[in-house]
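Bear in mind that the values in this text are calculations on the coordinates, not laboratory data. None of the values given here were measured: they were computed from a predicted structure. Every residue, glycine as well, gets a Cβ built from its backbone with ideal geometry; the counts of neighbours run over all protein chains shown.
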């Protein structure tokens with residue numbers, strides 16, 4: 001996000017393409033690309049560096065899920081952070097530098113705290129969305145809560161209870177996270193970390 005605020009054309013184009021891809025392509029397609037396609041591209045590279053043969057599917061599906069969701073959230077949150085940084089009046093940064101602060105100190109002490117509070121609600125929204133997207137990981141052989149419900153349903157011929165239990169668990173987690181994020185945001189605003197126009 002900070003890099004995209006600069007004027008380097010190549011960096012801006014690279015991150016614009018990166019963000020555009022991960023925001024446009026459905027999550028399940030991203031999972032399949034990372035799990036099924038990426039290992040074939042990276043296996044020769046790892047083999048060359050390590051000097052041993054690395055097979056494409058030596059990588060745990062859990063690492064594929066981690067990588068996919070890291071890239072997905074990086075794309076979304078970078079735009080969120082960039083917008084939050086731009087919402088802070090640039091005059092505050094210039095005034096801090098004029099008063100003798102270094103550029104880094106002015107950014108971390110003046111701009112960043114205000115931008116953080118602005119970005120917080122969108123952070124929360126995206127992480128709730130990520131939690132819901134985690135239900136897709138069973139498609140790449142990761143046994144999560146939804147996969148366990150599916151297994152239980154098949155074993156005991158229960159078509160309703162496991163999925164209702166899953167829904168209640170997701171709902172309860174969302175309520176809990178909402179409560180804590182609301183408290184956190186109010187606490188930050190109470191300490192004076194408010195957006196300034």
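Computed values, structure above
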item	result
Ellipticity estimate at 222 nm from DSSP helix runs (n ≥ 4, -39,500 (n - 2.57)) divided over the chain, nearest 500	-23000 deg cm²/dmol
Of 41, 31, 71, the one that fluctuates the most in a GNM where the chain has Cα springs shorter than 10 Å	41
Shape category assigned to the stretch 3-190 from the gyration tensor of Cα positions, a/c cut at 1.5	oblate
Segment residue 178-residue 164, extension gain: residue separation times 0.36 nm, minus the distance between their alpha carbons	3.0 nm
Rounded to 10°, Cα long-axis angle of helix 161-190 versus longest principal axis of the chain	10
Cα-based helix-to-principal-axis angle, 38-50 vs the chain, degrees rounded to 10	80
Calculated FRET efficiency for the pair residue 77/residue 48, C-beta based, R₀ 30 Å, to 0.05	0.35
Of 114, 77, 92, the one that fluctuates the most in a GNM where the chain has Cα springs shorter than 10 Å	92
Acute angle (nearest 10 degrees) that the helix 145-156 long axis makes with the longest principal axis of the chain, alpha-carbon atoms	20
Anisotropy class of the stretch 14-57 from Cα gyration tensor, a/c 1.5 cut	oblate
Contour excess over end-to-end distance, with Cα ends at residue 13 and residue 157 and 0.36 nm allotted per residue	46.6 nm
